[in-house]
Each structure stands twice: as C-alpha cells, then as structure tokens.
C-alpha cells in the first residue's frame, strides 16, 4: 500500500496532496500543469517534497529531506510519457536492463507478445510496440509499485484501447498498486479503481470507481 501526504512549492502554486493506493489502479486526473507528474516524480524520488511523508508497504520513502530513500532503492517501476527507451540498445537489452530474474522476464515477453521484437531497436518498432516494451522494462524489476505518466497519449485510438486492456489484464496478474496520470476522463473511467481529481496541486475530488474490468 502507498500512502502519500506531501507539500511542495511550485512556480504557480503549492502542491498539497494526500492520497493512498492499495493493490489497485489509481488515476490522477486533471488538466496539464496541475501537478500530476510532479506527484509521480516525488513518489519515484526524481523530485523532493518540501515536507510530508511517503510510505510504501509501511516502509518510509520520504520523511524529510534528510530521510529520503534514493531512487534506485525504492523498487518502483516508472513508465514515462515518451517511454524513455535507450535508443542504442536492442529491445532485449532495454528489457533486461535492471531485470532481476530471467524466467520472469521471459514470462513478461510472452504475456506482452513482444518476443519477435527482441533483436530490433526502438527506432524500428511502432508506438504501440514501444509502449509494450517500456511496460515490460518497468515490470522486469519486479516493482512494488508502478507509475505511469500518460502512457497511451501518443497512440491512436485502436492501439490505445488495446494497450489499456493489456494493462488491466497485467494488473490482475501482478497485483500491485498502479498510479497513472491522464487528462482523458473516458480513459480514467475505464482504468480506475479510484480517481483523484487534481487541480492546481490539490485533490479537488476523490471518486471510487467500478468502471475497471
């Protein structure tokens, strides 16, 4: 379980949020520039709150600027909006980068149906294929939490729906908390067990959803 209660001064407003996530898909929904990605970055350790607490499975990740677990020790998977695949590495090397167990990676490759891509480079595969590869890489470390920053925004509607269904299926298999950012409310309704509406750094509304399949 993730619990977060943080404050962080940003350029136009102060981020001041409290949220929690069990083994469920939690959506951060709101307009661009409302602080959603900053929340993910604080959880991942890429940004540091000014004050507050972040705990994952009762282990403190952040209690103060002096009590802050380094990024590499947080055991969190992060799928960036642009996927951030290493262009000079093959798909296979991208996925195995930081992986813990070869058999588990082999299982991921089968589930995501990307075995035929393993010797290709990111420039040689489609957007939907990149999304699946990036998701495999994020899960290959066996994270205790998965963060997704608008992972489907660059895909066309058909591929986006396929990838949404893929994530829902994977979440049933690997039952860990997932925090996903989107500004598409239809997507939020489809994916979420819980939706936090974020506006100018604050949670304006929390919705428990029954839309996830």
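The values are calculated or read from the model by the stated rules, or taken from the named source; none is laboratory data. The structure displayed is predicted, hence computed values, not measured ones. For neighbour counting, all protein chains shown are included, and Cβ atoms are generated from backbone atoms with ideal geometry for every residue, glycine included.
Taking segment 175-205, which residues are surrounded by 16 or more Cβ atoms within 10 Å (Cβ to Cβ) and in a strand (DSSP E or B)?
Result: 178, 179, 180, 181, 182, 194, 195, 196, 197, 198, 202, 203.
Residue 87 - would you say it is at pLDDT 90 or above, over 17 Å from the mean Cα position of the chain (by Cα) and over 26 Å from residue 193 (Cα atoms)? Explain how you work it out, then say what you get.
Numbers: at pLDDT 90 or above: yes; over 17 Å from the mean Cα position of the chain (by Cα): yes; over 26 Å from residue 193 (Cα atoms): yes.
Yes; evaluated as a whole, the condition is true for this residue.
Can you tell me which residue is surrounded by the fewest Cβ atoms within 10 Å (Cβ to Cβ) among those in segment 101-111 that are within 19 Å of the chain's Cα centre (by Cα) and within 15 Å of residue 143 (Cα to Cα)?
By that ranking, first place goes to 105.
Being in contact with a strand residue (DSSP E or B) (Cβ under 6 Å, 6 or more places away or on another chain) and either closer than 23 Å to residue 22 by Cα or buried (at least 16 other Cβ atoms within 10 Å of the Cβ) (or both) is the filter here; which residues of segment 75-87 pass it?
Across segment 75-87, the qualifying residues are 76, 77, 78, 79, 80.
Select from segment 157-191 the residues that are at pLDDT below 95 and more than 24 Å from residue 109 (Cβ to Cβ) and list them in ascending order.
Matches in segment 157-191: 157, 182, 183, 184, 185, 186, 187, 188, 189, 190.
Checking the conditions here, which among 61, 135 is under 26 Å from residue 168 (Cβ atoms) and either crowded, with 22+ Cβ neighbours inside 10 Å or touching a residue at least 40 places away in the same chain (Cβ under 8 Å) (or both)?
135
Output the residues belonging to segment 1-50 that are crowded, with 19+ Cβ neighbours inside 10 Å and assigned to a loop (DSSP other than H, G, I, E, B).
Scanning segment 1-50 gives 24, 30, 34, 35, 45, 49.
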